[in-house]
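Down below is the structure, laid out as structure tokens.
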Amino acid sequence: MVENVIWPAYLDAELSRSKGRRVPQDLAVEEPTVDEIAQAVQQVGYDAKIERDVAYPRNHYTPRGRVLVKDSEDSKNDVVQAVAAYVSTMRD
């Protein structure tokens, strides 16, 4: 089983690439939540598990949680891009 981690920082429009954002600025959203990300992961077709009391290593002062994506056969980058597109669409 392949398990990927998606941190909210990966989709955060307020962060630069060097601070942790992994998607293009046009797919990024302001202050993404783990609930939004988990919903998007499920809509894309994967199982999601939320862990709330963990902090992104580059910003360990602000615990925002993370989403574990289970059984993804696609690359992590493909999953993150698909999730970002869905979260961006949900916000519009």
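For a modelled paramagnetic label at ASP26, 7 Å from Cα along Cα-to-Cβ, the residues of region 60-92 in reach, with backbone nitrogen under 20 Å, are 77-92. Counting 0.36 nm for each residue step from ALA55 to ALA85 and taking away their Cα separation leaves a gain of 8.5 nm.
Considering only ILE6, VAL41, PRO63, and ranking their Cα positions along the charge dipole of region 3-91 that arises from unit charges at the beta-carbon of Lys, Arg, Asp and Glu, the one farthest toward the positive end is PRO63.
Note on the chain: dipole from Cβ charges, positive end direction compared against VAL54, ALA82, PRO32; the farthest Cα belongs to VAL54. Calculate for the chain the 222 nm mean residue ellipticity that helices alone would give, adding -39,500 (n - 2.57) per DSSP H run of length 4 or more and normalising by residue count, nearest 500 deg cm²/dmol. Mean residue ellipticity at 222 nm (helix-derived): -9500 deg cm²/dmol. Counting only Cβ charges, +1 for Lys and Arg and -1 for Asp and Glu, the dipole size of region 3-91 around its Cα centre is about 340 debye. Considering all different alpha carbon pairs of the chain, the Kirkwood hydrodynamic radius works out to 12.8 Å.
Taken together, the values in this text are just the output of simple stated rules run on the coordinates, not laboratory data. Because the structure is a prediction, the values reported are computed rather than measured. So basically every Cβ, Gly included, is an ideal-geometry build from the backbone, and we count neighbours across all protein chains shown.
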